[in-house]
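Q: Provided herewith is a single structure, encoded as structure tokens, for subsequent inquiry.
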Amino acid sequence: MIILDGKTFAKEIKENVKSKVEKLEKKPALSCIIVEGDSASEIYVVNKQKACAECGLISKMIRLTHNVSQAELEQNIELLNADEDVSAILLQLPIPKNLDTDRAINKISPEKDVDCLTFSNAGRLFSGKNRIAPCTPTGIIKLLEKYNVQIAGKLAVVVGRSELVGKPVAMLLEQKNATVILCHSKTGDERLKELTRMADILIVAVGKPKFITAEHVKQGAVVVDVGINRVDGKIYGDVDFESVKNICSMITPVPGGVGPLTVACLMENTYLLATDEKEI
């Protein structure tokens, strides 16, 4: 069994971005908007700021109070759209439930939408005309390719249909010529086991600790665990690592798997939005 080391690979990606940024006269700038109130978001934003510093990118933080209005949130986004010194904009999710997430995201200029979540960019991704893709799915594909996992012709099963991970990673896998099955909460437990046991590549993003167990996994499958679940001060993935590790051929650890790659690909996307390059 091979551990898919996202942490080490993420360092490689960031070093590559840094070497590219050093050659630019104007440094790319990533602006993160965070609405206060979510402790996990605070940690994620600090990690993004740290990564920007490591890559030589400019980090701009817009911090809004938990009782911010929809109009004020959108006004801040519009100001960033108009700011020529801002290359990329990220709205840290989740935002308070009284705010309209879709409406806020779609106020972001598609040319600065670093996580490819606007309807415009989602449509480009669906049609295969995208320049960038959401950061976590991008990191997953890069990790599979780094470890020479054959994607074309393989059956990939994605568990979870979120806009941020499940749906876009399914589209990226399809673009790489995998046959893709997308499972979700209405799939049902028995059908889920039936489908996941068929998977050559199993990607899990449901936000439930140890949700996928040995009985869900085919012998020799490649397992990618996107979950980060905090329980009693410890971090667990969506996959029960101990029960699955002796069945699969490759697996991502949690932490140290997909998480670091998400941040690294955010740095890469910021660079790409600031330049004419299509890939690094």
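Q: Once you put a point 7 Å from the Cα of Leu155 and another 7 Å from the Cα of Glu54, both along the Cβ direction, what distance in nm separates them?
A: It works out to 3.8 nm between the two label points.
Q: Next question. Please report, in debye to the nearest 20, how large the charge dipole of segment 135-259 is about its Cα centre when each Lys and Arg carries +1 at its beta carbon and each Asp and Glu carries -1 there.
A: 160
Q: Segment 77-141: D in µm²/s via Stokes-Einstein (Kirkwood Rh, Cα pairs, 25 °C, 0.890 mPa s)?
A: 196
Q: Pop the C-beta distance of Asn229 and Lys23 into the FRET formula with R0 = 35 Å and round what comes out to the nearest 0.05.
A: The computed FRET efficiency comes out at 0.30.
Q: Please give the length that would be gained between Asn81 and Val46 if that part of the chain were fully extended, namely 0.36 nm times their separation in residues minus their C-alpha to C-alpha distance (nm, one decimal).
A: Value of the extension gain: 10.4 nm.
Q: Set the Förster distance to 41 Å, then compute FRET efficiency between Ile181 and Met61 from the Cβ-Cβ distance, nearest 0.05.
A: Once the sixth-power term is evaluated, E becomes 0.55.
Q: Please list, by residue number, every one of the GluC sites (Glu not before Pro) in segment 251-280 that is coil in DSSP and has at most 12 other beta-carbon atoms within 10 Å.
A: Listed in order of number, the matching sites are Glu277, Glu279.
Q: Okay, moving on. May I ask for the percentage of alpha-carbon pairs in segment 171-280 that lie more than 21 Å from each other?
A: Here the long-distance tail beyond 21 Å is 44 percent of all Cα pairs in segment 171-280.
Q: Still on this structure, I have one more. State the Cα centre-to-centre distance between segment 9-42 and segment 135-187 in whole Å.
A: The distance from the Cα centre of segment 9-42 to that of segment 135-187 comes to 24 Å.
Q: Right, next: Among Glu54, Glu15, Glu22, which comes first, second and so on when ranked by fewest other beta-carbon atoms within 10 Å? Walk me through the numbers on the way to the answer.
A: Numbers: Glu54 16, Glu15 13, Glu22 10.
Fewest to most other Cβ atoms nearby, the residues stand as Glu22, Glu15, Glu54.
Q: Continuing with the same structure: Among the listed pairs Lys26/Lys146; Lys50/Lys245; Lys48/Lys107, which have their C-alpha atoms separated by more than 24 angstrom in this model? Please list the in-between numbers first.
A: On the way: Lys26/Lys146 30 Å; Lys50/Lys245 32 Å; Lys48/Lys107 22 Å.
Violating the 24 Å Cα-Cα cut-off are Lys26/Lys146; Lys50/Lys245.
Q: So what is the 222 nm mean residue ellipticity for the chain from helices alone, if each DSSP H run of at least 4 adds -39500 (n - 2.57) and you divide by all residues, rounding to the nearest 500 deg cm²/dmol?
A: -12000 deg cm²/dmol
Q: Can you tell me the 0 to 90 degree angle between the C-alpha axis of helix 166-175 and the longest principal axis of the chain, rounded to 10?
A: 80
Q: At a 10 Å Cβ-Cβ cut-off, how would you order Phe126, Phe9, fewest neighbours first?
A: With the fewest neighbours first, Phe126, Phe9 line up as Phe126, Phe9.
Q: So what are the radius of gyration and Dmax for the Cα set of segment 25-112, in Å?
A: Every Cα atom of segment 25-112 included, Rg and Dmax give 12.8, 42 Å.
Q: Then there's this: Whole angstrom only: what separates the Cα centroid of segment 72-132 from the Cα centroid of segment 210-233?
A: Spelled out, the Cα-based centre of one part sits 31 Å from the other.
Bear in mind these aren't lab numbers, they're just calculated from the coordinates by the rules spelled out. Owing to the predicted nature of the structure, the values given are computational and were not obtained by experimental measurement. Cβ coordinates were reconstructed from backbone atoms using ideal geometry, including for glycine residues, and neighbour counts include every protein chain displayed.
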